[in-house]
């Protein structure tokens, strides 16, 4: 499997569950020059009226400052690996199977295909597991 696999910092912030909350946070990041590669936002089932947003990457002082002002912090519980390569039928299964063969349990798995390329974001529970995931995918 010919892939690029690398660690990525995931930034997380709380959201109000109301129209425009996500747009405001993302607009602030965009104004600071952030070129986000990944965004997930969802409501919180545990805390009605609120939600959470995850983004990556934030680079440079200006982007980090904007993120911090909008309540973003680097997740200390989510250790993420970005995997990309040429799309082919069954690639998600191949990635998941390779990680399973390495004895890794996944915290999360998200992916998308754009044209002929795919990008998968794999969440692990520890930094060590993320490093092991990278090693297993690049072999």
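Observations on the structure shown:
- Hey, residue 48 closer than 19 Å to residue 121 by Cβ and not assigned by TED's automatic domain parsing to the domain that holds residue 125 or not: no
- Residues (surrounded by 16 or more Cβ atoms within 10 Å (Cβ to Cβ) and either touching a strand residue (DSSP E or B) at 6+ places or on another chain (Cβ under 7 Å) or in a strand (DSSP E or B) (or both)) located in region 30-43: 38
- Among the residues examined, residue 5 does not qualify as within 18 Å of the chain's Cα centre (by Cα), in contact (Cβ under 8 Å) with a residue 24 or more places away in the chain, in a loop (DSSP other than H, G, I, E, B) and within 24 Å of residue 82 (Cβ to Cβ).
- Total residues in region 88-108, condition within 18 Å of residue 138 (Cα to Cα) and surrounded by 14 or more Cβ atoms within 10 Å (Cβ to Cβ): 10
- Flag not set for residue 85, criterion: exposed (fewer than 15 other Cβ atoms within 10 Å of the Cβ) and within 23 Å of residue 131 (Cα to Cα).
- Test set (1) over 17 Å from residue 38 (Cα atoms); (2) out of contact with any strand residue (DSSP E or B) (no Cβ under 7 Å at 6 or more places or on another chain) - residue 91 fails condition number: (2)
- Test: residue in region 11-22 that is loosely packed, with under 14 Cβ neighbours inside 10 Å and outside any loop (DSSP other than H, G, I, E, B): yes
The values are calculated or read from the model by the stated rules, or taken from the named source; none is laboratory data. Treat the numbers as computed from the prediction; the structure is a model and nothing was measured. Counting neighbours? That spans all protein chains shown, and the Cβs are built from the backbone with ideal geometry, glycine included.
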